[in-house]
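Comments concern the structure below.
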Amino acid sequence: MTDSSNVSVITVSFQSEAALISLFPSIPENVELIVVNNSSDSDLEGLQKIKKFKEIKNPENKGFGAACNIGVKEASKDFIFLINPDTILQENCINNLINAVDEIPSASAFTPKILGKKNTEEFKRRSVLLDKKKWLKKPPNKVSEIPVMGGAAMFLKKDNYLKVGGFDENIFLYHEDDDLSIRLKEEIGPLVYYPKALIDHQGGNSSSRSPSIAALKGFHMGKSRVYSMRKYNVKNYRIKCFSIAIMQLFSLEVIFSRRKRSKYYAFFRGVIEELRKEKK
């Protein structure tokens, strides 16, 4: 059995200092911790007082997937645990995931049970990159094979990650977890939901909730939606992407929320920009 000292925890920070303060105490002492800092304005040095970690400061923000790839290459352990900065590991989370590897050696990757706000379970049941027949109606209530994993928490062998080429760096943000999940499942083995391992996830708190951050996320969400659906030859993806962009622009949220307005207008711009690339 592998012990937790053979695990590297990797998280990507973009102005995520507040979230990291809560995450760090939940990570076992003997686990290697790597923080890839995508914000040139953030100084994480003070967090070393909470837990020692290796910081990789990117001079340029090339996106979540690219940052994860950098972190994995720096990892010195055989297992990697990719987690969002706004997560907290519950007791024995990593040890239980290690047990999962021994229990189901054919699996390519594992995801723990993720509890969100108000202790409700977060579970990724579907993906726009998959046929609807593969979607799940509800979260499983036991250890189960699943069609896709969410990017908040992924546990796997470093070798498996490298064999499939890691995250697609053409995707700056959003849908990169769907893409990686599909390739892991097709090229190596099943994706497994392992509810014996638990994490808390305060979604949306990885970075600030300002209109400017919302616009950044919205823009790349639009671009990623078009790119990833095109990559997997999703039928009528152009119409689907454009339609959702228009629907968001005319939603009531645009009137009452400056942050949503920034996000949805940026999403529309991202969709249009990525669609225009096809004409070049």
Quiz item: Say the dipole of the chain comes from +1 at the beta carbon of Lys and Arg and -1 at that of Asp and Glu; which of 153, 175, 222 then lies farthest toward its positive end?
Solution: 222
Quiz item: What FRET efficiency, computed as 1/(1 + (r/R0)^6) with R0 = 25 Å and r the Cβ-Cβ distance, is obtained for residue 48 and residue 209, rounded to the nearest 0.05?
Solution: 0.40
Exercise. Treat every Asp and Glu Cβ in the chain as -1 and every Lys and Arg Cβ as +1, leave all other atoms uncharged, and give the resulting dipole magnitude about the Cα centre to the nearest 20 debye.
Key: 1620 debye
Quiz item: Between residue 73 and residue 254, what FRET efficiency follows from the Cβ-Cβ distance if R0 is 30 Å, with the result rounded to 0.05?
Solution: 0.15
Self-check item: region 25-126: GluC sites (Glu not before Pro) falling in loop per DSSP and having at most 13 other Cβ within 10 Å
Solution: 29, 60, 91
Self-check item: Coil-residue trypsin sites (Lys or Arg not before Pro) of region 122-225, DSSP, other Cβ within 10 Å capped at 16
Solution: 125, 126, 137, 142, 209
Exercise. List, in order, the whole-Hz ³J(HN,Hα) value for each residue of region 25-41 obtained from phi through the Karplus relation with A = 6.51, B = -1.76, C = 1.60 and θ = phi - 60°; use x for Gly and Pro.
Key: x, 7, 8, x, 4, 8, 9, 6, 10, 10, 10, 9, 9, 8, 10, 5, 8
Exercise. May I ask you to give the percent of accessible area on region 139-221 that is carbon plus sulfur, with a probe radius of 1.4 Å?
Key: 51 percent
Quiz item: How many angstrom lie between the C-alpha centres of region 104-172 and region 255-273?
Solution: 27 Å
Quiz prompt | region 175-280 shape via C-alpha gyration tensor axes, a/c threshold 1.5 | solution = oblate
Practice problem: Let me know the shape class of region 56-190, please: from the alpha-carbon gyration tensor, a ≥ b ≥ c as square roots of the eigenvalues, rounded when a/c is under 1.5, otherwise prolate if a/b is greater than b/c, or oblate. | Solution: rounded
Quiz item: Between residue 60 and residue 136, what length in nm is gained on full extension when 0.36 nm per residue of separation is reduced by their alpha carbon distance?
Solution: 23.6 nm
Quiz item: How about region 223-280: which GluC sites (Glu not before Pro) there are in a DSSP loop, with at most 11 other Cβ atoms within 10 Å of their Cβ?
Solution: 278
Quiz item: Relative to the Cα centre, what is the charge dipole magnitude of region 235-280, using +1 at the beta carbon of each Lys and Arg, -1 at the beta carbon of each Asp and Glu, and rounding to the nearest 20 debye?
Solution: 120 debye
Quiz item: By how many degrees, 0 to 90 and rounded to 10, does the Cα axis of helix 237-249 deviate from the longest principal axis of the chain?
Solution: 80 degrees
Quiz item: At a Förster radius of 41 Å, what calculated FRET efficiency corresponds to the Cβ-Cβ distance of residue 143 and residue 240, to the nearest 0.05?
Solution: 0.75
Exercise. Evaluate the charge dipole of region 145-280 about its Cα centre and quote only its size in Debye, nearest 20, assuming +1 on the Cβ of each Lys and Arg and -1 on the Cβ of each Asp and Glu.
Key: 660 debye
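The values are calculated or read from the model by the stated rules, or taken from the named source; none is laboratory data. These numbers come from a predicted model, not from an experiment. Every residue, glycine among them, receives a Cβ derived from its backbone with ideal geometry; neighbour counts consider all protein chains shown. Each accessible area value is taken on the protein alone, full model and side chains, heavy atoms only, with ligands, DNA and RNA left out. Shrake-Rupley method; radii C 1.70, N 1.55, O 1.52, S 1.80 Å.
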